[in-house]
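Undergrad: Shown below is the structure under consideration.
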Amino acid sequence: MYNSTKPGMRESATFDRNVIHEIQRAAETGIYDIRGWGAKRSLPSFDDLVFLGASMSRYPLEGYREKCATDVVLGDRFASEPLHLKIPITIAGMSFGALSAQAKEALGRGATLMGTSTTTGDGGMTSEERMHSQMLVYQVLPSRYGFNPDDLRRADAIEVVLGQGAKPGGGGMLLGRKISDRVAEMRTLPKGIDQRSACRHPDWTGPDDLAIKIRELREVTDWKKPIYVKVGASRTYYDTALAVKSGADVIVVDGMQGGTGATQEVFIEHVGIPTLPALRQAVEALEELGMHRKVQLIISGGIRSGADVAKALAMGADAVSIGTAALIALGCNHPKWQADYAKLGTAAGFFDDYQDGTDPAGISTQDEALASRLDPVEGGRLLANYLRVLTLETQTLARACGKSHVHHLEPEDLVALTIEAAAMAKVPLAGTNWIPGSNASM
């Protein structure tokens with residue numbers, strides 16, 4: 001073992017221990033690395049923005065006496081039955097297969113307790129998920145695994161998935177060890193065989209075809225259910241504009257901090273753009289088309305706190321969606337499983353092998369013994385508590401800026417702490433009126 005205090009010893013910034021380990025792993029195995037989670041590199045994020053709280057020139061609201069509303073309506077552009085959420089925080093699509101049935105049920109329970117929606121995922125809808133989700137969004141993915149028109153009609157909204165933040169342009173993976181009898185039956189797949197989802201829909205290739213598909217989905221649901229279109233953040237301005245043209249009620253943009261159950265690490269770390277600039281580009285597209293707030297925008301990818309939620313809303317999002325954070329709330333990477341993590345060669349806070357099906361917390365597994373560790377009722381309570389804290393934090397920040405509704409937050413309430421964040425978010429650098437790359441000033 002090396003002595004880090006030895007004079008002259010210095011780790012290479014280019015070939016650090018992680019890089020050396022990956023080169024040696026690739027040389028020994030001859031295959032690329034697959035893992036779960038999302039990008040782990042340091043990226044510009046909402047942490048690089050701060051709020052300008054009220055004092056003299058702005059008047060704050062008193063937290064105990066003056067209300068700050070949090071409700072949001074999603075999908076009222078064309079749908080006759082839009083979703084009415086009590087909070088602007090939704091649960092992102094995560095499949096049964098990637099997650100256990102207990103985890104899917106817990107997500108539905110937690111969302112319902114807080115008056116918000118949850119989402120299915122690749123592989124279809126489970127009965128537990130539908131039963132315990134007051135508002136359930138049904139995903140239509142390129143694979144069509146588990147696609148069921150009857151389940152689609154039973155959903156409260158439909159999300160056409162074109163991409164995911166962790167892997168825009170790439171398909172999903174589900175290793176054979178997680179394809180149990182039930183997963184195999186739902187997906188019409190052989191048990192125990194690795195499954196790879198397609199990276200694009202088989203029955204259309206562009207926005208004109210997407211418009212036809214959206215009309216088909218509206219006819220199937222009698223024009224009642226909102227239609228979402230989800231894109232992985234890359235060419236976000238154009239993707240948002242084309243989604244509007246195709247007739248979407250709601251657009252979901254997932255930044256590269258978004259998580260995944262399993263994909264190539266090279267994809268997770270090197271494809272897509274961060275959530276911060278993706279949100280700004282999506283809002284710009286909606287504003288140019290005169291559709292901002294008419295077509296609702298949900299942003300996802302690395303949302304962790306009420307501060308993230310409030311900043312996303314201030315930049316122009318109507319709601320946010322959480323995935324990885326929701327799993328952590330259920331107990332993923334909890335220290336109580338430290339002994340089990342150690343047996344897997346990892347530790348609480350570092351576990352990202354969602355693809356292996358060995359999750360000690362019983363969340364990203366199909367192993368019945370492990371899955372039974374997660375109590376869906378208790379998991380739902382934990383998730384609801386977390387969502388409640390996110391909402392209270394968002395309200396606290398909105399009140400500090402003098403807002404009686406969280407959607408009254410605006411870019412004028414924000415400044416950036418770094419030049420990069422100022423340029424990406426198009427808000428001034430703190431203490432200046434300078435927005436890098438723009439003629440705008442304050």
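The values are calculated or read from the model by the stated rules, or taken from the named source; none is laboratory data. Keep in mind that what you see is a predicted model, and the values were worked out from it rather than measured. Neighbour counts run over all protein chains shown; Cβ positions are idealised from the backbone, glycine included. Remember, those area values only see protein heavy atoms, side chains included, never the ligands or the DNA or RNA. Shrake-Rupley method; radii C 1.70, N 1.55, O 1.52, S 1.80 Å.
Undergrad: Would you point out which residue out of Thr324, Thr394 is of a type in the set (Ser, Thr, Tyr), on the phi < 0 side of the Ramachandran plot and open to solvent by 10 Å² or more (accessible area, probe 1.4 Å)?
TA: So the residue among Thr324, Thr394 that is of a type in the set (Ser, Thr, Tyr), on the phi < 0 side of the Ramachandran plot and open to solvent by 10 Å² or more (accessible area, probe 1.4 Å) is Thr324.
Undergrad: Output the residues belonging to region 212-230 that are open to solvent by 10 Å² or more (accessible area, probe 1.4 Å) and either assigned to a strand (DSSP E or B) or out of contact with any helix residue (DSSP H, G or I) (no Cβ under 7 Å at 6 or more places or on another chain) (or both).
TA: Ile212, Lys213, Arg215, Glu216, Leu217, Glu219, Asp222, Trp223, Lys224, Lys225, Lys230
Undergrad: Okay, next question. Which condition number does Arg58 fail, the rest of (1) open to solvent by less than 50 Å² (accessible area, probe 1.4 Å); (2) assigned to a loop (DSSP other than H, G, I, E, B) being met?
TA: (1)
Undergrad: Specify which of the listed residues (Pro411, Pro376, Pro335) is under 30 Å from Arg65 (Cα atoms) and at pLDDT 95 or above.
TA: Step by step, each of Pro411, Pro376, Pro335 is checked, and only Pro411 is under 30 Å from Arg65 (Cα atoms) and at pLDDT 95 or above.
Undergrad: Can you tell me which of Ala285, Ala342 is open to solvent by less than 20 Å² (accessible area, probe 1.4 Å) and either assigned to a helix (DSSP H, G or I) or among the hydroxyl-bearing types (Ser, Thr, Tyr) (or both)?
TA: None of the other options fit; the residue is Ala285.
Undergrad: I'd like the full set of residues that are touching a Gly at 6+ places or on another chain (Cβ under 7 Å) and not in a loop (DSSP other than H, G, I, E, B), limited to region 113-135.
TA: Passing the criteria: Leu113, Thr118, Thr119, Glu129.
Undergrad: Taking region 414-429, which residues are part of a loop (DSSP other than H, G, I, E, B) and under 24 Å from the mean Cα position of the chain (by Cα)?
TA: Scanning region 414-429 gives Lys426, Val427.
Yes/no per residue for (1) open to solvent by 20 Å² or more (accessible area, probe 1.4 Å); (2) outside any loop (DSSP other than H, G, I, E, B); (3) aromatic (Phe, Trp, Tyr); (4) under 23 Å from Ile322 (Cα atoms):
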| position | (1), (2), (3), (4) |
| --- | --- |
| Asp359 | no, no, no, yes |
| Arg388 | yes, yes, no, yes |
| Ala398 | no, yes, no, yes |
| Gly437 | yes, no, no, no |
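Undergrad: Counting only residues that are assigned to a loop (DSSP other than H, G, I, E, B), open to solvent by less than 80 Å² (accessible area, probe 1.4 Å) and more than 30 Å from Gly247 (Cβ to Cβ), how many does region 191-207 have?
TA: Number satisfying all stated conditions: 1.
Undergrad: Let me ask something additional. With Ser143, Ser127, Ser95 as the choices, which residue is open to solvent by 10 Å² or more (accessible area, probe 1.4 Å), of a type in the set (Ser, Thr, Tyr) and free of Cβ contacts under 8 Å to residues at least 40 places away in the same chain?
TA: Criteria check complete, one pass: Ser127.
Undergrad: Could you look through region 26-51, keep only residues that are under 30 Å from Thr432 (Cα atoms) and open to solvent by 80 Å² or more (accessible area, probe 1.4 Å), and pick out the one that is modelled with the highest pLDDT?
TA: Applying the filter and picking the extreme gives Asp47.
Undergrad: Quick check on Val73: is it open to solvent by less than 10 Å² (accessible area, probe 1.4 Å) and part of a strand (DSSP E or B)?
TA: Here the answer is no, as Val73 does not meet what is asked.
Undergrad: Evaluate the following for Gly272: is it under 20 Å from Gly121 (Cβ atoms), open to solvent by 20 Å² or more (accessible area, probe 1.4 Å), outside any helix (DSSP H, G or I) and not hydroxyl-bearing (Ser, Thr, Tyr)?
TA: yes
Undergrad: Which of the residues spanning region 163-185 are more than 26 Å from Gly247 (Cβ to Cβ), open to solvent by 50 Å² or more (accessible area, probe 1.4 Å) and in contact (Cβ under 8 Å) with a residue 60 or more places away in the chain?
TA: Selection gives Arg177, Arg182.
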